[in-house]
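The values are calculated or read from the model by the stated rules, or taken from the named source; none is laboratory data. It should be emphasised that the depicted structure is a prediction, and the values quoted were computed from it without experimental measurement. Methodologically, a virtual Cβ is constructed for each residue, glycine included, from the backbone with ideal geometry; neighbour enumeration extends over all protein chains shown.
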Amino acid sequence: MTRLLITGDWQLRTSPPANRMDDFYEVQKGKVLQVFEIAQREECDFILVPGDFFDNPSPGIRLLIDYIRLINHPWPFKILACFGQHDLYMHNPDYSTGPLSLLQHACDKVYIAGSDSSARTPWVNTPVCKLFPIDSAFVEADPGGTTMSDMARAASSGQCAFYGLSYGDPRMGKFEAWTDDLFNILLIHDMIGPEELFPGQEIDSPEQAFKAYPTFDLIVCGDYHYSFVYKEKGVLRVINAGCLVRKTVHWRDQQLRPAAYVFDTKSGSLERFELQFAPPEKVFREVERGATAEIGDDLVELMSTIDDVDLSYEDIIRAMVEQEVAGIGKSAGEVILKLLEETLDAYRAEGLRGSLPKGEAVS
Ligand SMILES: [Mn+2]
């Protein structure tokens, strides 16, 4: 039997997101502590973090020290993660640098689920492995490799194997489990969710993910910040627990109720644990909107999501222009100029400093 605590993006960061007016750093640390306490109370073997462990690849020494100390407390679980784009410098899939790699070295209980051991192994104390049965004796003894007898031993006691597809790994349908004998769990950081978050977003549905990775018993997703559960014939197949903290003034974030899920691989039971959080009006500054309300609001909404999506400003502006041209029938030139002016005005007025173009680290 294996018990898993499933979480979504943690997005650990030092600076508060724009428009958040509480002591964000302490609040976020408190959320992580709640997660650890649930995992301990529920006797979970692993906490799963499917990428975007950090909000940016330079989170600061103070944050790293604080979380290393918190994680290195003698908790009874391990933490298994893969890399999201926010964990990587300039979204560059070099997994050997960055804060998550540092955590592996500093914390014995932090592991990375990988898709290719050979590409990621030369780190000390880093069980980056392609097949990762939960059998503590085996994991501790030989984290980098596996044998058929290990697998048979693990299978007979109802064990799992973990695999990870980090940001930058091959996309949908190009990855398979190595064995049928274990409960195969895939951690994946990819835009999978029930509905697009803005017009034209490149996104796969949970059902598409389920069909693209048929060799896995369970797919645990990150990247999409809002929780969903996908079942096939009553059996849990794809899950995203949603992000740990509310970052933006976007209405979706305002409605978010941070939670973690406990899944038991033997019984198949799933239980949702909502974390403690303050109502949005207590933690978010009310955003004052100017005279250019309608278009400005749309842009502010779109832009408030931008540091979590793989979109450039150009993409967003283009989508808005297309929408405007279709909507009011003015000449494209007039609309473009108007939009650009309003974009800049809205941007300056709202002070959305977190909304930088794709690839820029926010510190
Ligand atoms: Mn994220």
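Val110 is checked against (1) buried (at least 21 other Cβ atoms within 10 Å of the Cβ); (2) at pLDDT 90 or above and fails just one. What number does that condition carry?
(2)
For segment 44-51, indicate whether the set of residues that are assigned to a loop (DSSP other than H, G, I, E, B), crowded, with 23+ Cβ neighbours inside 10 Å and within 16 Å of the ligand (Cβ to nearest atom) is non-empty.
Yes, because at least one residue in segment 44-51 is assigned to a loop (DSSP other than H, G, I, E, B), crowded, with 23+ Cβ neighbours inside 10 Å and within 16 Å of the ligand (Cβ to nearest atom).
Let's see how each residue does on (1) away from the ligand (no atom under 16 Å from the Cβ); (2) in a loop (DSSP other than H, G, I, E, B); (3) farther than 26 Å from Lys174 by Cα:
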position: Pro59; (1), (2), (3): no, yes, yes
position: Trp75; (1), (2), (3): yes, yes, yes
position: Thr97; (1), (2), (3): yes, yes, no
position: Leu103; (1), (2), (3): yes, no, yes
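Say we look at segment 17-43 and pick out the residues that are more than 26 Å from Arg285 (Cα to Cα) and either in a loop (DSSP other than H, G, I, E, B) or of a type in the set (Ser, Thr, Tyr) (or both); which of these is nearest to the ligand (Cβ to nearest atom)?
Residue satisfying both the conditions and the ranking: Glu42.
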